[in-house]
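Shown next, in structure tokens, is the structure this report addresses.
None of the figures in this text is laboratory data; all of them are computed from the coordinates on show. Owing to the predicted nature of the structure, the values given are computational and were not obtained by experimental measurement. Virtual Cβ from ideal backbone geometry, glycine too; neighbours counted across all protein chains shown.
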């Protein structure tokens, strides 16, 4: 049996603060195929950021396993985790996380430096991709919020990662900027055949995801919606409909 590109198997994560214990994730499992766009929705505090941090090897699960491209992410040491992120993962954060003293171009170059290489031509191409070729020498303080997030997208793609993790990438933006940033992010990932896991508190975006999951109280479930034919449709290409007795029956649409 072929393993999915991202395989999360019954992971749980608990945080302890003073005498309080908070269960961030409870036996969450999901699979993402290479090239898929998966949208993870849920309210603040539902565990979305925790899940992305675990997949990025920024933290370790208390139990369960996480595999990305065959790599057992949860067992990586500090140095190997850093190498894994530099080679395999691009990250986009809600707060941009740009280095204020560096220009837009230098921020995009940072992930390349982590791998011992710099390609200014590629960095400029990525800034052009997000519509900021003429802003490459500007510092973050000279850019709008939408422009800073576009720089962050270019930075996430700097090493051509197989997996892009985006944590509330439009949370600090106005509606117009948010729509543009989401379009740029999803198009850039899809054109390169890369995998995108997007965490958002919104259930819908203008861009169509291949799978939709919802996290509530640390538990993940597929999102199901009503189709135009009146059937309930799940994000796993399944129709859920009622039979004559009022029971709900699932039937695959593939």
One point scatterer per Cα, no solvent, Debye formula: log10 I(q)/I(0) for the stretch 38-180 at q = 0.17, 0.19 Å⁻¹ comes out as -0.98, -1.16
Against the 2.2 N^0.38 Å rule of thumb, the C-alpha Rg of the chain sits at a ratio of 1.07
Taking r as the C-beta separation of residue 191 and residue 20 and R0 as 45 Å, the FRET efficiency to the nearest 0.05 is 0.50
extent check for the stretch 72-149: Cα max minus min per principal axis, descending, whole Å, gives 42, 26, 22
With 0.36 nm assigned to each residue of separation and the Cα-Cα distance removed, residue 121 to residue 80 gains 11.9 nm
Ordering 174-184, 147-157, 188-198, 74-84 by per-residue average of other C-beta atoms within 10 angstrom, highest first, gives 147-157, 188-198, 174-184, 74-84
Comparing 32, 11, 99 in a Gaussian network model of the chain (Cα, 10 Å), the one with the largest mean-square fluctuation is 99
Expressed in angstrom and rounded, the centroid-to-centroid distance over alpha carbons for the stretch 87-118 and the stretch 1-76 is 24
In the chain the DSSP beta bridges are antiparallel at a rate, in percent to nearest 5, of 60
